[in-house]
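The values are calculated or read from the model by the stated rules, or taken from the named source; none is laboratory data. Since the structure is predicted, the reported quantities are computational estimates derived from the model, not experimental observations. All Cβ positions, glycine included, derive from the backbone under ideal geometry; neighbour counts span all protein chains shown.
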Amino acid sequence: MRIAIGADHRGFHLKNELVTFLRGLGHDVEDLGAHTLDPGDDYVDTSLTVARAVANGRADRGIILCGSGVGSSVTADKLPGVRAAVCHDTYSAAQGVQHDDMNVLCLGAQVVGPALARELVTAFLGATLDPHPRFRRRLDKLQKVEEEVRARGRH
């Protein structure tokens, strides 16, 4: 799977650990930064870079790390085609994909440690969208909202 990953300074070290983990699993990982520890960087920048990679199809899934995961999730969800969520439990990490076609996992590096982060990533990447009609119906509604927003020029 093609995975884009990025982090701000608060997620920098955990991101580096996850890059090694993901490559060890055989994934094609694009590390979109930060590439140096810079306490002055902003989660918005790396979150948008990862979200754009997913939105334009360069990556199948994205993983973004910041302090809590919340800012990254809020930022990534601004882009049409991106369905990002902060998850700190394996149920949500898998169910977000299965029911909501989540394509970006946001993690709080100040909330989860490396072992749990690996479990969350494994659950996220191992899940697929459930083909049940109710999930398709919900996704269709979300896509309609995105189309309305695009038509108004707000993206």
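Data overview
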| read-out | value |
| --- | --- |
| Residue satisfying condition, being at pLDDT 95 or above and in a strand (DSSP E or B), within set 125, 107, 120 | 107 |
| Residue satisfying all of: in the range 17-46; hydrophobic (A, V, I, L, M, F, W, C) and under 15 Å from the mean Cα position of the chain (by Cα); nearest to residue 59 (Cα to Cα) among these | 29 |
| Residue 44 farther than 18 Å from residue 124 by Cβ, surrounded by fewer than 18 Cβ atoms within 10 Å (Cβ to Cβ) and at pLDDT 95 or above | yes |
| Of residues in the range 12-40 being over 13 Å from residue 122 (Cα atoms) and among the β-branched types (Val, Ile, Thr), the one surrounded by the most Cβ atoms within 10 Å (Cβ to Cβ) | 29 |
| Top-ranked residue of the range 115-155 - restricted to ones that are closer than 17 Å to residue 24 by Cβ and surrounded by fewer than 13 Cβ atoms within 10 Å (Cβ to Cβ), ranked as farthest from the chain's Cα centre (by Cα) | 115 |
| Filtered residues of the range 128-146 (kept if assigned to a helix (DSSP H, G or I) and touching a residue at least 24 places away in the same chain (Cβ under 8 Å)) | 135, 138, 139, 142, 146 |
| Odd one out for residue 59, checked against (1) of a type in the set (A, V, I, L, M); (2) touching a residue at least 40 places away in the same chain (Cβ under 8 Å); (3) under 22 Å from residue 116 (Cβ atoms) | (3) |
| Residue that is nearest to the chain's Cα centre (by Cα) [pool: residues in the range 86-107 that are more than 16 Å from residue 122 (Cβ to Cβ) and of a type in the set (Asp, Glu)] | 101 |
| Cβ-Cβ under 7 Å pairs, at least 6 apart or on other chains, the range 91-110 side within 16 Å of residue 143 (Cβ to Cβ), far side of a type in the set (Phe, Trp, Tyr) and surrounded by fewer than 22 Cβ atoms within 10 Å (Cβ to Cβ) | 99/135 |
| Those residues of the range 67-85 which are closer than 14 Å to residue 11 by Cβ, outside any loop (DSSP other than H, G, I, E, B) and over 8 Å from the mean Cα position of the chain (by Cα), in sequence order | 70, 71, 72, 75 |
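Yes/no per residue for (1) touching a helix residue (DSSP H, G or I) at 6+ places or on another chain (Cβ under 9 Å); (2) crowded, with 17+ Cβ neighbours inside 10 Å; (3) modelled with pLDDT of 95 or more:
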{"position": "53", "(1), (2), (3)": "no, yes, yes"}
{"position": "56", "(1), (2), (3)": "no, no, yes"}
{"position": "62", "(1), (2), (3)": "yes, yes, yes"}
{"position": "72", "(1), (2), (3)": "yes, yes, yes"}
{"position": "76", "(1), (2), (3)": "yes, yes, yes"}
{"position": "90", "(1), (2), (3)": "yes, yes, yes"}
{"position": "94", "(1), (2), (3)": "yes, yes, yes"}
